[in-house]
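Working notes, structure below.
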Amino acid sequence: MSYISLYRKWRSQSFADLVGQPAIVQTLQNAIKNDRLAHAYLFSGPRGTGKTSTARILAKSLNCKQGPTVSPCGGCESCTKIRDGHSVSVIEIDAASNRGIDEIRELRERVRYAPVEGRYKVYIIDEVHMLTPEAFNALLKTLEEPPSHTIFVLATTETQKVPPTIASRCQRLDFGRIKLSETEAHLKKIAATEGFSIDDKALNLIGRVGEGSLRDSISLLDQVVSFSGKKISYDDVVLMLGTADEELLFAFADAIISGDTVKMLKLVDDSLTEGRSTPQVTRDLVGHFRNLLHLKVGAGDTLELTADYLERLTQQAATCTLEQIKGVIRGLTKAELDMKWHPHARLVLEVALLELFGAKVEEKPTVAKTVVLPPAAKAATVTVLPSDGSKIGKIRSRWNDILAGVKKKSIFGYVSLHEGEPAEVNAQGKLVINFKRGYAFHKERLEEQKNKQDVEEAIREVLGEKLLIECVVSDGAKEPSMSAKTVADFFEGRVL
């Protein structure tokens, strides 16, 4: 293949090329200059921040023909082989796919031999947290007393999963997320060198979507170039990424703040018609109101945004209260969570937005009435009471409060209960919670002792009385009594 992706082409080849990690660069350079190299390093931090690239640069610095040096030449045989991944003295191991004890035992056998070329053998173990406990134990002794010609670099995105016995034998260097300004500057440099034309707003959006990962940002730039060619506009990036653009987000926020229900639902429809996903729109809205929150509390300096965008946000933040902003964030983050379990993401978003407005569907109260059924239905006189006059009516009217109470006790219980609905209070005085067919998983999880107790306790706190629960699914639910079923059929027009 003649084409090389941008993130590979622009991988850092020297300490001077590394973006956004000055403290780490200084630490390693001083260690090389002063001959104070550790026998093992633990590089930790988010993906795409330069951990593996730094490990390779360290290997180059140690094995360069002119080295050890903080400025490897990049042209000697050793530097070239390390750059191309052909050096027998630099061994890279992907712990995600080589995580067992056999692989580590093989590594221990190979460690004993002196390097065939260069001064040091450098073992780079990527995603080291994926090793099994047995593999970690096998690695422990080697890390504790490695040969003088061997250096280990363990890289991980999840430091908390690395056993303390391993971490304590390494010098730990923490890689931080790359600042947006540094990402934008690097992307601009790439664009200029590669001959791309891209505006500042587009660069800013790519950097923000990359979320501090330089590799992700460069990959996004590569994707945008494939999509729109070498002349890239802000609209191209929005269309390709499927994110909500500035105008849409400001229009959404205006509608929420003013309580314009019709406009909000139309904006939801417009967003999906243009090809954006519901979860993405929700995430973008949460991010927008997070920016408003920072501005409202006077922390606007923490936002990495363009001057024009920041000015518009400041103006919009002045039109709403802090409580409104917090309420929107709470409502939309809850909706984003619910979308993971609900088959109709759009409906979840629309209902969440209506609840933000305080828009309520007014239900006409049911008046108690006497119904005489026709002979075909075994004529009987049945009194139908208003729903809010019964225990189940009271439960249904307070259901959201019960859900909120369960959420404070157990997120798993809350998610499962959210998929059920209060059906009846049966003859045994238990609240029957009904789940639709296909939601048996939630029924079973809610029946777990801890979750069940949390639900019953939340009901007691809201209603002031103890009520046990019983979970059923639609197919397995008991049929209502004949008279009640006949009444239901009669009102739905099935009994003539």
Query - Ranked packing of 347-353, 408-414, 223-229, most packed first, by mean Cβ within 10 Å - result: 347-353, 408-414, 223-229
Report summary line: Ranked output for segments 145-153, 421-429 by mean other Cβ atoms within 10 Å, highest leading, reads 145-153, 421-429
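By per-residue mean of other Cβ atoms within 10 Å, what is the highest-first order of 463-470, 52-59, 442-449, 239-246?
On the way: 463-470: 13.1, 52-59: 23.4, 442-449: 16.9, 239-246: 18.4.
Ranking the peptides 463-470, 52-59, 442-449, 239-246 by packing returns 52-59, 239-246, 442-449, 463-470.
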Query raised in the report: Taking a 23 Å limit on the Cα-Cα distance, which of the listed pairs Lys201/Lys340; Lys65/Lys121; Lys407/Lys452; Lys81/Lys188; Lys51/Lys334; Lys326/Lys452 fall beyond it?
Result: Lys201/Lys340; Lys81/Lys188; Lys51/Lys334; Lys326/Lys452
Query raised in the report: Angle, helix 322-339 long axis vs. longest principal axis of the chain, Cα atoms, 0 to 90°, nearest 10?
Result: 90 degrees
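So, R0 is 51 Å and r is the distance between the beta-carbons of Arg437 and Glu247; what FRET efficiency does that work out to, to 0.05?
Working: r = 43 Å, r/R0 = 0.83.
FRET efficiency, Arg437 to Glu247: 0.75.
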Report summary line: Along the dipole axis of segment 6-174 (charges at Cβ: +1 for Lys and Arg, -1 for Asp and Glu; origin at the Cα centre), the most positive-end residue among Leu62, Thr52, Val90 is Leu62
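What number comes out for the charge environment of Gln21, summing +1 per Lys or Arg and -1 per Asp or Glu over other residues with Cβ under 12 Å away?
Details: positive: Lys51, Arg177, Lys179; negative: Asp17, Asp174, Glu182.
Cβ neighbours under 12 Å give a net charge of 0.
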Report summary line: Using alpha-carbon coordinates alone, the radius of gyration and Dmax of segment 242-353 in Å work out to 13.5, 40
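List the relative contact order of segment 6-174 as a percent without decimals, with contacts defined as Cα pairs under 8 Å and 6+ residues apart.
Working: 268 pairs, mean separation 49.9, N = 169.
Relative contact order here is 30 percent.
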**Report entry** Approximate spin-label separation Glu106-Arg8, in nm, with each point projected 7 Å along Cα-to-Cβ
**Finding:** 2.3 nm
Query - Helix axis angle, 399-409 relative to the chain longest principal axis, alpha carbon, degrees - result: 30 degrees
Report summary line: So the FRET efficiency between Gln453 and Gln66, C-beta based with R0 = 56 Å and rounded to 0.05, is 0.20
Report task. For an R0 of 45 angstrom, estimate the FRET efficiency from the Cβ-Cβ distance between Arg330 and Glu144 and round to the nearest 0.05. Result -> 0.35
Query raised in the report: Between Ala185 and Gln160, what is the label-to-label distance in nm when each label sits 7 Å out along the Cα-to-Cβ direction?
Result: 3.3 nm
Report summary line: Quick calc: nm separation of the 7 Å Cα→Cβ label points for Ala427 and Asp308 -> 7.2 nm
Requested in this report: State, as an integer percentage, the relative contact order of the chain based on alpha-carbon contacts under 8 Å between residues 6 or more apart.
Outcome: 10 percent
Report summary line: Percent relative contact order for segment 119-254, counting Cα pairs under 8 Å at least six residues apart, stands at 19 percent
Query raised in the report: What is the extension gain from Leu272 to Ser97, computed as 0.36 nm multiplied by their sequence separation minus the C-alpha to C-alpha distance, in nm to one decimal?
Result: 59.1 nm
**Report entry** segment 78-204 - Rg over Rh from alpha carbon coordinates, Kirkwood radius
**Finding:** 1.10
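Counting only DSSP beta bridges with both residues in the chain, tell me the antiparallel percent, nearest 5.
25 percent
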Query raised in the report: Kirkwood-based Rg over Rh for the chain (C-alpha set), two decimals?
Result: 1.11
Report summary line: In degrees, nearest 10, the alpha-carbon axis of helix 261-273 is tilted away from the dominant principal axis of the alpha carbons of the chain by 50 degrees
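No value in this document is a laboratory result; all are computed from the given coordinates. Remember, it's a predicted structure, so these values are computed and weren't measured experimentally. Counting neighbours? That spans all protein chains shown, and the Cβs are built from the backbone with ideal geometry, glycine included.
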